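K.L.:
Dropping a structure here in structure tokens format, bear with me for questions.
The values are calculated or read from the model by the stated rules, or taken from the named source; none is laboratory data. Fair warning: this is a prediction, and the values are worked out from it, not measured in the lab. Reconstructed Cβ throughout: ideal geometry from the backbone, glycine too, with neighbour counts over all protein chains shown.
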Amino acid sequence: MSNPIKVIKNRSDIGAGTRGSDLGVDALEIAAINQGSDYFNLFPYFDVKTHNETIYDKVRNSFAKRIGHVAEQCQRVCDAVHLVHKQGFFPLVLSGDHSSALGTISGIKRSFPDKRLGVIWIDAHADLHSPYTSPSGNIHGMPLAAAIGDDNLDCKINNVSTYTFDNWEAMKNMGIAGPKVLPQDIIYFGVRQTEPPEDQQREQYGIRNFMVAEVRHRGINECVHEALEILNECDLIYISFDVDSMDCDMISYGTGTPVPKGFDQYEVIDIISGIIKSDKVACIEFVEINPLLDLRGNSMAATAFEVLEGITSPLLGVLN
């Protein structure tokens, strides 16, 4: 196959607390144009229908905002990822907010129900909340909790409605029934802003977090090697890259929840490229570019596009 990659464009931001990440895909394309690149003409693509108009609806559920529409959007992403796999392509997903990751993970498991899936989560945040524990109710902080099927009721602070319960259960059973990922098969890179319920989950399951300082001290190759050793029993790997894993002071504040002291783009390229070399990667996703919050023009998207270009060559090397 001459072009084994198919780009999935998911311009949805209804799972976030701040509007604007729905423009992230277009900001990436503008960055490519500004850099004189024809990247987005090289690969076929699939546009996912969105529910962004629902931002005008009054939020009636503060513990899982717009959960019905987020669940539907995740199902659309799930269907898109499964379709792209079925067509024989590698899905490269470009999304708005990070709630989409549940749809992506569910789509991979729907395509490969008998394969054990590992997750490389490059992010400043753990995203392990559930509607029962979330202080904000923003579902982009919940995709991994849904993926592992754990509500963390020991840390419960919210009483959810029947409507929320039903939609959350549907999200946990998307693609195939039951958990999609074992908690011990999640690896974090760069997580540095968490809350007690998430810390409890990470400690309970022993989820490994390669913090920025450790990666720089030990070296990227050594940390990537250890991560792949942890995921040795996994047949497939999904890589999720949230741009807030990068240092907001050094790169840009063009993301919904910026956190300082993160990676630079070259470190992210090397981490992703190292994981790709395992020949187990089944899907890669980029999320949370928000050009409305960028104080430096289109800097975040330009940097994310640099990462995208940087990891494409090693990806094509494995796929071809």
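K.L.:
What is the one condition in (1) assigned to a helix (DSSP H, G or I); (2) crowded, with 20+ Cβ neighbours inside 10 Å; (3) in contact (Cβ under 8 Å) with a residue 60 or more places away in the chain that Ile311 does not satisfy?
P.N.:
(3)
K.L.:
Then there's this: Would you say Gly175 is on the phi > 0 side of the Ramachandran plot, buried (at least 24 other Cβ atoms within 10 Å of the Cβ) and in contact with a Gly (Cβ under 9 Å, 6 or more places away or on another chain)? Write out each step before concluding.
P.N.:
On the way: on the phi > 0 side of the Ramachandran plot: yes; buried (at least 24 other Cβ atoms within 10 Å of the Cβ): yes; in contact with a Gly (Cβ under 9 Å, 6 or more places away or on another chain): yes.
For Gly175, the condition - on the phi > 0 side of the Ramachandran plot, buried (at least 24 other Cβ atoms within 10 Å of the Cβ) and in contact with a Gly (Cβ under 9 Å, 6 or more places away or on another chain) - is met.
K.L.:
State the number of residues belonging to segment 137-166 that are crowded, with 20+ Cβ neighbours inside 10 Å and within 21 Å of Ile122 (Cα to Cα).
P.N.:
Here the count works out to 11.
K.L.:
A further question on this structure: Among the helices (runs of 4 or more DSSP H) contained in segment 186-264, which hold 2 or more residues that are surrounded by fewer than 24 Cβ atoms within 10 Å (Cβ to Cβ) and of a type in the set (S, T, N, Q)?
P.N.:
Working: elements: 196-205, 212-218, 220-230.
Here the list reads 196-205.
K.L.:
If only one of Lys109, Lys65 is closer than 21 Å to Lys172 by Cβ, crowded, with 17+ Cβ neighbours inside 10 Å and modelled with pLDDT under 95, which one is it? Break it down stepwise before answering.
P.N.:
Numbers: Lys109 fails: modelled with pLDDT under 95.
Just one listed residue meets the conditions, Lys65.
K.L.:
While we're here: List the residue pairs whose Cβ atoms are under 9 Å apart, where the first residue sits in segment 168-182 and is of a type in the set (Ser, Thr, Tyr), the second is modelled with pLDDT under 95, and the two are 6 or more positions apart or on different chains.
P.N.:
No pair meets every condition.
K.L.:
Out of the residues in segment 266-308 meeting the condition of being acidic (Asp, Glu) and assigned to a helix (DSSP H, G or I), tell me which one is nearest to Gly118 (Cα to Cα). Before you say what the answer is, go through the steps one by one.
P.N.:
Initial filter on segment 266-308 (acidic (Asp, Glu)): 267, 270, 279, 285, 288, 294, 306.
With assigned to a helix (DSSP H, G or I) added as a condition, the list becomes 267, 270, 306.
Working: Glu267: 21, Asp270: 19, Glu306: 25 Å.
My answer is Asp270.
K.L.:
Which condition from (1) modelled with pLDDT of 95 or more; (2) touching a helix residue (DSSP H, G or I) at 6+ places or on another chain (Cβ under 9 Å) is the one that Gly297 breaks?
P.N.:
The single condition Gly297 does not satisfy is (1).
K.L.:
Within segment 83-116, track down each residue that is under 13 Å from Val7 (Cα atoms) and assigned to a helix (DSSP H, G or I).
P.N.:
Residues satisfying the conditions are Leu83, Val84, His85, Thr104.
K.L.:
Okay, moving on. Would you confirm whether or not segment 248-260 contains a residue that is closer than 22 Å to Asn320 by Cβ and not aromatic (Phe, Trp, Tyr)?
P.N.:
At the first step, the residues of segment 248-260 found to be closer than 22 Å to Asn320 by Cβ are none.
Scanning segment 248-260 turns up no residue that is closer than 22 Å to Asn320 by Cβ and not aromatic (Phe, Trp, Tyr).
K.L.:
Could you list all residues from segment 110-149 that are among the basic types (Lys, Arg) and touching a Leu at 6+ places or on another chain (Cβ under 6 Å)? Step through it out loud before you land on a result.
P.N.:
So in segment 110-149, the residues among the basic types (Lys, Arg) come out as 110, 115-116.
Result: Lys115, single match.
K.L.:
When you look at Val268, is it under 16 Å from the mean Cα position of the chain (by Cα) and farther than 26 Å from Asn138 by Cβ, yes or no?
P.N.:
Details: under 16 Å from the mean Cα position of the chain (by Cα): yes; farther than 26 Å from Asn138 by Cβ: no.
Against the criterion (under 16 Å from the mean Cα position of the chain (by Cα) and farther than 26 Å from Asn138 by Cβ), Val268 does not qualify.
K.L.:
Next question, about the same structure. For a quick check of your reading of the model, give me the residue pairs whose first member lies in segment 126-152 and is at positive phi and part of a loop (DSSP other than H, G, I, E, B), whose second is modelled with pLDDT of 95 or more and surrounded by fewer than 20 Cβ atoms within 10 Å (Cβ to Cβ), with beta-carbon atoms closer than 7 Å and at least 6 apart or on different chains.
P.N.:
So the pair list comes out as Gly149/Gly178; Gly149/Pro179; Asn152/Gln200.
K.L.:
Across segment 154-189, what is the total count of residues that are under 20 Å from Gly137 (Cα atoms), of a type in the set (Val, Ile, Thr) and within 24 Å of the chain's Cα centre (by Cα)?
P.N.:
Qualifying residue count for the region: 1.
K.L.:
Same structure, new question: Name every residue in segment 1-50 that is more than 30 Å from Lys65 (Cβ to Cβ) and in a strand (DSSP E or B), in order of residue number. Walk me through it before giving the result.
P.N.:
Kept after step one, since they are more than 30 Å from Lys65 (Cβ to Cβ), are these residues of segment 1-50: 1-6, 32-44.
Result: Ile5, Lys6.
K.L.:
Which members of segment 167-185 meet the condition of being outside any loop (DSSP other than H, G, I, E, B) and out of contact with any strand residue (DSSP E or B) (no Cβ under 6 Å at 6 or more places or on another chain)?
P.N.:
If we filter segment 167-185 for residues that are outside any loop (DSSP other than H, G, I, E, B), which is where we start, we get 167-172, 183-185.
Correct list: Asn167, Trp168, Glu169, Ala170, Met171, Lys172, Pro183, Gln184.
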